[in-house]
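Enquirer: Would you mind keeping the following structure in view while I ask a few things?
The values are calculated or read from the model by the stated rules, or taken from the named source; none is laboratory data. In this text the structure is predicted, and so the values were computed from the model without any measurement. Cβ coordinates were reconstructed from backbone atoms using ideal geometry, including for glycine residues, and neighbour counts include every protein chain displayed.
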Amino acid sequence: MRGAPLGRAVCVYKLMQKFADEAIIEVSSGNGGNGCVAFRREKYVPLGGPSGGDGGRGGDVVFEVRRNLRTLAHLRYKQVFKAENGRDGEGSQKYGRHGEDVIVPVPPGTIIKDADTGELIRDFGKDEGRFVFLKGGNGGWGNVHFKSSTNQAPRKALPGQKGETRRLKVELQVMADIGFVGFPNAGKSSLLDRFTNARPKIAPYPFTTKIPNLGILNIDDRDIILADIPGLIEGASSGAGLGIRFLKHISRTAGLAFLIDLSDEKYLEAFDILKGELEAFSNDLVQKKRIIVGTKLDLEGTQDRLEELRQRYPKETVLGISVFTGQGLTELSHAFAQMVTDMDGGGQ
């Protein structure tokens, strides 16, 4: 039995590695090729002029959004991205070949920052598919450019410009419309499973969810992306538990659903505790549109507790559901759709 906690810790670590929502990478654009010093040497042209070609341009560093990617795990295995250098120029005015660009694929919702200063470089939160971050160095001029009336045989050429190298912090914020917030075992994964085909792991013990799960709810001819993040516990904003790490993944959502387990003895305190943890993490989260969802209405005594919850928070929208019987799910799905519609219309 002593080995059980270690085994669970290793399992969590592997899941976190697989999910991979942060990575440090180094990117470099290519150097430009050098210009060439050369002269025409042809039969019957003993004093041919300069014929050195220009060097090729170095390759660029390009970020591309790939919608088939869901994590940054690929950046854990390849952390250095270098574009190809341009080729040197040659005689007979042959220009050097341009270097190939290096492509860094990222999933939607990726944020790129300078790893040393924290400066925001790019936010792929919108439909942006391609971003040229570092341009390759220009190729140097060959001596053909330096011929003049006073210098018919220049022996001057320019070196190619150097590329740039930067260290970057790449972060992922999952793109979703509605984020589920709640204590472990509050029924978030069960609700996601009922509404979508996400098929998250579900079991009657805390911390079943170790990574964010996404699912799509189709309602009123519209797809709504739902996100279930690991359960919060009191003290999460100070580092306790798993959920605080993933709160950034609900920062882009149109609204939040606070799931309250009505069978838990702390059901009346849960909303205030959860809201306090979110506020400690980011005040923007508690300003979002929200719904309080009382879960497990199929259990004895929970209907009365739902009414007590409504009385305690008269200014909040409080709905009750049972994933087991389906009670309240239609009303909740339409409430989710209304939240997203309000957001699209300019509401907070």
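Enquirer: So, in the range 298-319, of the ones that are crowded, with 18+ Cβ neighbours inside 10 Å and touching a Lys or Arg at 6+ places or on another chain (Cβ under 9 Å), which residue ends up modelled with the highest pLDDT?
Expert: Val318
Enquirer: Select from the range 255-282 the residues that are farther than 13 Å from Thr295 by Cβ, in contact with a Lys or Arg (Cβ under 8 Å, 6 or more places away or on another chain) and buried (at least 19 other Cβ atoms within 10 Å of the Cβ) and list them in ascending order.
Expert: Scanning the range 255-282 gives Gly255, Leu256.
Enquirer: Picking from Arg57, Arg67, which residue would you name as being modelled with pLDDT of 95 or more and assigned to a loop (DSSP other than H, G, I, E, B)?
Expert: Within the list Arg57, Arg67, the selection yields Arg57.
Enquirer: So how many residues does the range 21-54 have that are in a loop (DSSP other than H, G, I, E, B) and in contact with a Lys or Arg (Cβ under 7 Å, 6 or more places away or on another chain)?
Expert: Going through the range 21-54 one residue at a time, the tally reaches 9.
Enquirer: Please verify whether Lys78 is modelled with pLDDT of 85 or more, under 16 Å from Gly33 (Cβ atoms) and in the same structural domain as Asn143 (by TED's automatic domain parsing), treating the condition exactly as stated.
Expert: Taking the combined requirement at face value, the residue does not satisfy it.
Enquirer: Which of the residues belonging to the range 173-193 are closer than 18 Å to Thr330 by Cβ and hydroxyl-bearing (Ser, Thr, Tyr)?
Expert: Matches in the range 173-193: Ser190 only.
Enquirer: Only one residue in Thr117, Thr110 is in the same structural domain as Val144 (by TED's automatic domain parsing), free of Cβ contacts under 8 Å to residues at least 12 places away in the same chain and under 30 Å from Asp21 (Cα atoms). Which one?
Expert: Result: Thr117 is the single residue among Thr117, Thr110 that is in the same structural domain as Val144 (by TED's automatic domain parsing), free of Cβ contacts under 8 Å to residues at least 12 places away in the same chain and under 30 Å from Asp21 (Cα atoms).
Enquirer: Identify all residues within the range 130-152 that are over 17 Å from Gly89 (Cβ atoms) and either surrounded by 12 or more Cβ atoms within 10 Å (Cβ to Cβ) or aromatic (Phe, Trp, Tyr) (or both); write none if there are none.
Expert: Phe131, Val132, Phe133, Leu134, Lys135, Asn151 - these are the residues of the range 130-152 that are over 17 Å from Gly89 (Cβ atoms) and either surrounded by 12 or more Cβ atoms within 10 Å (Cβ to Cβ) or aromatic (Phe, Trp, Tyr) (or both).
Enquirer: So, one more: Can you tell me which residues in the range 71-89 are surrounded by 18 or more Cβ atoms within 10 Å (Cβ to Cβ) and either outside any loop (DSSP other than H, G, I, E, B) or out of contact with any helix residue (DSSP H, G or I) (no Cβ under 6 Å at 6 or more places or on another chain) (or both)?
Expert: Leu72, Leu75, Phe81, Ala83, Glu84, Asn85, Gly86, Arg87, Asp88, Gly89
Enquirer: Scan Glu279, Glu265, Glu331, Glu307 and give me the residue that is out of contact with any Asp or Glu (no Cβ under 6 Å at 6 or more places or on another chain) and closer than 30 Å to Glu22 by Cα.
Expert: Glu279
Enquirer: While we're looking at this one, here's another question. Search the range 130-145 for residues that are on the phi < 0 side of the Ramachandran plot and pair each with any residue that is surrounded by fewer than 18 Cβ atoms within 10 Å (Cβ to Cβ) and of a type in the set (S, T, N, Q) when their beta-carbon atoms are under 6 Å apart and the residues are at least 6 apart or on different chains.
Expert: Val144/Gln93
Enquirer: May I ask you to verify whether Pro159 is in a loop (DSSP other than H, G, I, E, B), in contact with a Pro (Cβ under 8 Å, 6 or more places away or on another chain) and of a type outside the set (A, V, I, L, M, F, W, C)?
Expert: No, not satisfied.
Enquirer: Check Arg222, Arg199, Arg166, Arg252 and return the single one that is charged (D, E, K, R), surrounded by 16 or more Cβ atoms within 10 Å (Cβ to Cβ) and at pLDDT below 80.
Expert: Checking each option against the conditions leaves just Arg252.
Enquirer: Can I ask one more? Yes or no: the range 320-333 includes at least one residue that is assigned to a helix (DSSP H, G or I) and among the small types (Gly, Ala, Ser).
Expert: Within the range 320-333, one or more residues are assigned to a helix (DSSP H, G or I) and among the small types (Gly, Ala, Ser).
Enquirer: Give the residue that is modelled with the lowest pLDDT, with candidates limited to residues of the range 110-126 that are outside any strand (DSSP E or B) and exposed (fewer than 15 other Cβ atoms within 10 Å of the Cβ).
Expert: That would be Lys126.
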